[in-house]
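Report on one structure; see the data block that follows.
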Amino acid sequence: MADGEANTSGGDKVCVLIVEEKSDLRTFFMGVLTKSGNFEVKNSASAKEALEILAKESASIQIVAFDWQMTDMSGYVFIQRLRRDPLYDHIEFVVCSQVITPEDSFLMVELDVYHSIIKPVNANDYLKMMEVVRADYNQSKSTTLKLKELHHLLNEEKILECDELLKTPGIEDEINKNPRYVYLGGEIRILKKQYGEAVEFLKNFFKNKQENPAEENLKSLNTLGKALCMVGRFDEALLIYQKLENKSPNNLNHKVMVGDALLGLDDIAGAEEKYNEALDADPAHKDALIGMTKANSVNGNFDKAKSFFEKIEGNFESRTLASFYNNKGVALVRNGKVKEAILFYENALQFFDKFKGHVYFNLGMAYYRDGNIASALSCFQAALATDELDLLAEKKILKEFQEKGIEKFTADYKDKMARKQK
């Protein structure tokens, strides 16, 4: 095939956004693709400009071919920002770079980037590769798109929607048999609070699938570490996350998860160091900002915690985050630090809207144990007023409060305290 000659295979015409700082290369790439007749082409001279274009025009863009060594933002930060947003799930990404290291390759697989072009490249080879990407995009199976959708439904903690999607023929089969998607089986169990089952499911996968290429195991290892954190096995989780960071040091999520494991082990300084490493690379990294909010809350630096919280953009709330605050406050109560727990919960409330019901309940319990029945009942009322419908079923004291009413509940509480003092 001659330079610039169109390859008519591969399905429909697609729109490509070229992100390249060098104007001569942008012109070259645009010319090759436009001449072929199979591509509509947009271009950007920087990562920042590309992000602005995608925010406005993502629905019309199917492929993004971007430079891995951009000066305003490294390619590995650029792609991680995009991969955290379901708005860009439909897009195929192509890395263009002079060198791709083994570490880069690991990261690309973790981020579902399977196409790369080594620069310099001639027109013929460039067009051949872009035609492969176009064909892959147009031939993408509906199952793959459904699995991407499931990934983001899990991140958004939409249990009912996940269950409905799992009924789609072929989805569960892919999760159980395809190493690329096994991690989703662990994530489903975590969302349903089946933490022990998630650990067992993933450990069985590794036991039975040891022949998998290392890069295919990275996502499943990450989810296993998350499940281990959920059951309080932070030391095991830390070993996994450190291993992942060594394999793929530019994956900022690994740094955050190392920080989370260290925070679980009460190494607050170590946790902050890892969160800051992620923030040094990407100051807007939401999970790292949440990490710093958590670390400073635990350390009693509530003003500093709030300063990091105020930098978080977009939706940040999750059951997992609410559980973190609730568990840390419960630990304070168990250690006899009731007043510290009250202060901790009061400050935690400012970080939640959707998931503050459990925080209100635990704050109420702290007041209850501190003998402040009026404040306790106020918190119980606030908890019941939220949409967290599982609260009443889970908490016996809330059910008792709702059944008795304020006056009867208060009278019974005072009677109980009087009997204890005799």
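The values are calculated or read from the model by the stated rules, or taken from the named source; none is laboratory data. It should be emphasised that the depicted structure is a prediction, and the values quoted were computed from it without experimental measurement. Using ideal geometry, Cβ is built from the backbone for each residue, glycine included, and neighbour counts are taken over all protein chains shown. The protein model used for the area step is the full one, side chains on, heavy atoms only, and it has no ligands, DNA or RNA in it. Shrake-Rupley method; radii C 1.70, N 1.55, O 1.52, S 1.80 Å.
Scanning the range 218-246 for residues that are crowded, with 20+ Cβ neighbours inside 10 Å and charged (D, E, K, R) returns Lys219, Lys226.
From the set of residues in the range 292-310 that are without any contact (Cβ under 8 Å) to a residue 40 or more places away in the chain and within 17 Å of the chain's Cα centre (by Cα), which is least open to solvent (accessible area, probe 1.4 Å)? Here the answer is Met292.
Every residue, every condition in (1) acidic (Asp, Glu); (2) more than 21 Å from Val231 (Cα to Cα); (3) touching a Cys at 6+ places or on another chain (Cβ under 8 Å); (4) crowded, with 22+ Cβ neighbours inside 10 Å, yes or no:
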site	(1), (2), (3), (4)
Glu317	yes, no, no, no
Phe324	no, no, no, no
Asn327	no, no, no, no
Ala366	no, yes, no, yes
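Taking the listed residues Val99, Val16, the one that is more than 24 Å from the chain's Cα centre (by Cα), among the hydrophobic types (A, V, I, L, M, F, W, C) and more than 27 Å from Ala278 (Cα to Cα) is Val16, with no other qualifying. For the range 295-352, give me each residue that is of a type in the set (Val, Ile, Thr), over 19 Å from Asp267 (Cα atoms) and part of a helix (DSSP H, G or I). Once the filter is applied, which keeps residues that are of a type in the set (Val, Ile, Thr), over 19 Å from Asp267 (Cα atoms) and part of a helix (DSSP H, G or I), the range 295-352 yields Thr320, Val333, Val338, Ile342.
The sole residue among Phe106, Phe78, Phe66 that is in contact with an Asp or Glu (Cβ under 7 Å, 6 or more places away or on another chain) and among the aromatic types (Phe, Trp, Tyr) is Phe106. Checking the structure you have, find out if any residue of the range 88-104 is closer than 27 Å to Pro249 by Cβ, surrounded by fewer than 20 Cβ atoms within 10 Å (Cβ to Cβ), of a type in the set (Phe, Trp, Tyr) and touching a helix residue (DSSP H, G or I) at 6+ places or on another chain (Cβ under 9 Å). Yes, the range 88-104 contains at least one residue that is closer than 27 Å to Pro249 by Cβ, surrounded by fewer than 20 Cβ atoms within 10 Å (Cβ to Cβ), of a type in the set (Phe, Trp, Tyr) and touching a helix residue (DSSP H, G or I) at 6+ places or on another chain (Cβ under 9 Å). Scanning the range 159-180 for residues that are surrounded by 16 or more Cβ atoms within 10 Å (Cβ to Cβ), over 20 Å from the mean Cα position of the chain (by Cα) and β-branched (Val, Ile, Thr) gives a single hit, Ile171. Using the structure shown, decide if Val41 is farther than 30 Å from Leu154 by Cα, open to solvent by 20 Å² or more (accessible area, probe 1.4 Å) and touching a Ser or Thr at 6+ places or on another chain (Cβ under 9 Å). In short, yes.
Filtering the range 368-388 to residues that are in a helix (DSSP H, G or I) and open to solvent by less than 60 Å² (accessible area, probe 1.4 Å) leaves Tyr368, Ile373, Ser375, Ala376, Leu377, Cys379, Phe380, Ala382, Ala383, Leu384.
List the pairs whose first member sits in the range 101-121 and is within 26 Å of Asp24 (Cβ to Cβ), whose second member is aliphatic (A, V, I, L, M) and assigned to a helix (DSSP H, G or I), and whose Cβ atoms are under 6 Å apart, counting only residues at least 6 apart or on separate chains? Note: pairs meeting the criteria are His115/Val133; Ile117/Met129.
Of the residues in the range 313-322, not one is of a type outside the set (Gly, Ala, Ser) and over 15 Å from the mean Cα position of the chain (by Cα).
Conditions (1) at pLDDT 95 or above; (2) open to solvent by 10 Å² or more (accessible area, probe 1.4 Å), marked per residue:
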position: Glu21; (1), (2): yes, yes
position: Met30; (1), (2): yes, yes
position: Ala45; (1), (2): yes, yes
position: Lys48; (1), (2): yes, yes
position: Ala59; (1), (2): no, yes
position: Tyr76; (1), (2): yes, yes
position: Ile79; (1), (2): yes, no
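If we scan the range 109-120, do we find a residue that is in contact with a His (Cβ under 8 Å, 6 or more places away or on another chain) and exposed (fewer than 15 other Cβ atoms within 10 Å of the Cβ)? There is no residue in the range 109-120 that is in contact with a His (Cβ under 8 Å, 6 or more places away or on another chain) and exposed (fewer than 15 other Cβ atoms within 10 Å of the Cβ). Within the range 7-19, the set of residues being at pLDDT below 95 and of a type outside the set (Asp, Glu) comprises Asn7, Thr8, Ser9, Gly10, Gly11, Lys13.
For the range 138-152, state whether one or more residues are modelled with pLDDT of 90 or more and either within 28 Å of Gly31 (Cα to Cα) or not aliphatic (A, V, I, L, M) (or both). No, every residue in the range 138-152 fails to be modelled with pLDDT of 90 or more and either within 28 Å of Gly31 (Cα to Cα) or not aliphatic (A, V, I, L, M) (or both).
Based on what the data block shows, is Asn204 without any contact (Cβ under 8 Å) to a residue 24 or more places away in the chain, closer than 22 Å to Leu111 by Cα, assigned to a helix (DSSP H, G or I) and out of contact with any Leu (no Cβ under 8 Å at 6 or more places or on another chain)? So Asn204 does not fit the description; no. Would you check if there is a residue in the range 141-158 being over 22 Å from the mean Cα position of the chain (by Cα) and under 25 Å from Asn38 (Cβ atoms)? The answer is yes, given that some residue of the range 141-158 is over 22 Å from the mean Cα position of the chain (by Cα) and under 25 Å from Asn38 (Cβ atoms).
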